[in-house]
Amino acid sequence: MPRPRSPLLSVDAIVGAALSLVDATGDFSFPKVARELGVSQASLYNYIDNREHIIELMRGRVFSARDPLDTQYLPWDEALRSLAHKYRDCLVDHPRLVPLLVTQTVQDLGVMRIYEDMAIVLGKAGLATPAIVPAITALDYLVLGSALELTAPDVVWSPPPGQFPALSAAIADLGSPAERSDTAFSFGLETLLAGIRAVTKASF
């Protein structure tokens, strides 16, 4: 059977090309995706509605690699710690996707399950219902911010010699962006867990 004259398109191929562009440059466009796939821009619209649709499909692609976690029989803090790490693990290979993800409403059902699990675990911890979304949002800040740190330059602060001595001492041996990100994420997560324990303990 002769090979088709033009590449076969699919949603998966389009999302893969867009994600590769985001990983490389921090953004994508329909013309660039079409060029990557060797097709006309118009042909993409047979599979994709718009830019927002692609972003949401990229969100689903990235988080589909997450291993499911049964939190039912875990202590709440262990469950939340594991959820946070699994959430972050989905983003560490695609940190440049983060700015695109935060600009639109979460619709992917797999990602929605992560937030549902967080809400369940935070309720299990004893947080009152009005405090659950602020806690999830704080965890979001921590995960997304630590992923973004992976795109930071090797040198984040450059104080003039002899000035800002406390900051200079603190940044003397920070390590690579990946090391800084891991360290800050672990510190922030344990601090957040401690704060939740304090809040729930004070409520009893």
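Quick check on residue 125: is it in contact (Cβ under 8 Å) with a residue 60 or more places away in the chain, under 28 Å from residue 72 (Cβ atoms) and of a type outside the set (Lys, Arg)?
Numbers: in contact (Cβ under 8 Å) with a residue 60 or more places away in the chain: yes; under 28 Å from residue 72 (Cβ atoms): yes; of a type outside the set (Lys, Arg): yes.
The answer is yes for residue 125.
In the range 17-52, which residues are in a helix (DSSP H, G or I), within 25 Å of residue 113 (Cβ to Cβ) and either modelled with pLDDT under 95 or among the charged types (D, E, K, R) (or both)? Talk me through it step by step, then tell me what you get.
Within the range 17-52, the first condition is being in a helix (DSSP H, G or I), and the residues that meet it are 17-25, 30-37, 41-44, 51-52.
If we keep only those that are within 25 Å of residue 113 (Cβ to Cβ) too, we end up with 18-19, 22-23, 51-52.
Once the filter is applied, which keeps residues that are in a helix (DSSP H, G or I), within 25 Å of residue 113 (Cβ to Cβ) and either modelled with pLDDT under 95 or among the charged types (D, E, K, R) (or both), the range 17-52 yields 23, 51, 52.
Tally time: how many residues in the range 83-111 are among the aliphatic types (A, V, I, L, M) and more than 13 Å from the chain's Cα centre (by Cα)? Lay out the reasoning, then the answer.
Going through the range 83-111, the residues among the aliphatic types (A, V, I, L, M) turn out to be 83-84, 91-92, 97-98, 100-102, 106, 109, 111.
Subsequent filtering for residues that are more than 13 Å from the chain's Cα centre (by Cα) retains 109.
Matching residues across the range 83-111 total 1.
Across the range 147-177, which residue is farthest from residue 128 (Cα to Cα) among those that are small (Gly, Ala, Ser), open to solvent by 50 Å² or more (accessible area, probe 1.4 Å) and assigned to a helix (DSSP H, G or I)? Don't jump to the end; show me each part of the working.
Initially, the range 147-177 is screened for residues small (Gly, Ala, Ser), giving 147, 152, 158, 162, 166, 168-170, 172, 175-176.
Right, trim to open to solvent by 50 Å² or more (accessible area, probe 1.4 Å) and you get 158, 162, 166, 169-170, 172.
Now restrict to residues that are assigned to a helix (DSSP H, G or I): 166, 169-170.
Values: 166: 39, 169: 41, 170: 37 Å.
Looking at the filtered set, the residue picked out is 169.
Please find, within the range 32-54, the residue that is nearest to residue 111 (Cα to Cα) out of those that are of a type in the set (Val, Ile, Thr) and surrounded by fewer than 20 Cβ atoms within 10 Å (Cβ to Cβ).
To start, the set of residues in the range 32-54 that are of a type in the set (Val, Ile, Thr) comprises 33, 39, 48, 54.
Next, from what is left, pick out any that are surrounded by fewer than 20 Cβ atoms within 10 Å (Cβ to Cβ): 39, 48.
Details: 39: 30, 48: 20 Å.
Among those that are of a type in the set (Val, Ile, Thr) and surrounded by fewer than 20 Cβ atoms within 10 Å (Cβ to Cβ), it is 48.
List every residue pair whose Cβ atoms lie under 7 Å apart, where the two residues are 6 or more positions apart in sequence or sit on different chains, the first residue falls within the range 10-35 and is over 18 Å from residue 99 (Cα atoms) and free of Cβ contacts under 8 Å to residues at least 40 places away in the same chain, and the second residue, located anywhere, is among the small types (Gly, Ala, Ser) and assigned to a helix (DSSP H, G or I).
Matching pairs, first to second residue: 33/17; 33/18.
Here are some residues: 91, 97, 9, 57. Which one is assigned to a helix (DSSP H, G or I) and open to solvent by less than 40 Å² (accessible area, probe 1.4 Å)? Before the answer, list the steps.
Working: 91 fails: assigned to a helix (DSSP H, G or I); 9 fails: assigned to a helix (DSSP H, G or I); 57 fails: open to solvent by less than 40 Å² (accessible area, probe 1.4 Å).
Of 91, 97, 9, 57, the one residue that is assigned to a helix (DSSP H, G or I) and open to solvent by less than 40 Å² (accessible area, probe 1.4 Å) is 97.
Scan the range 120-146 for residues that are small (Gly, Ala, Ser) and surrounded by 17 or more Cβ atoms within 10 Å (Cβ to Cβ) and jot them down.
The first filter runs over the range 120-146 and keeps only residues small (Gly, Ala, Ser), leaving 123, 125-126, 128, 131, 135, 138, 145-146.
Hits for the range 120-146 are 125, 131, 135, 146.
Scan the range 79-100 for residues that are out of contact with any Asp or Glu (no Cβ under 7 Å at 6 or more places or on another chain), over 17 Å from residue 181 (Cβ atoms) and of a type in the set (A, V, I, L, M) and jot them down.
Selection gives 79, 80, 100.
Filter the range 178-204 for residues that are touching a residue at least 60 places away in the same chain (Cβ under 8 Å), more than 21 Å from residue 93 (Cα to Cα) and open to solvent by less than 50 Å² (accessible area, probe 1.4 Å) and give the result.
Correct list: 193, 196, 200.
The values are calculated or read from the model by the stated rules, or taken from the named source; none is laboratory data. Everything quoted here is computed from the prediction, not taken from an experiment. With ideal geometry, Cβ positions are generated from the backbone for all residues, glycine too; neighbour counts draw on all protein chains shown. Note: areas computed on protein heavy atoms with side chains; ligands, DNA, RNA excluded. Shrake-Rupley method; radii C 1.70, N 1.55, O 1.52, S 1.80 Å.
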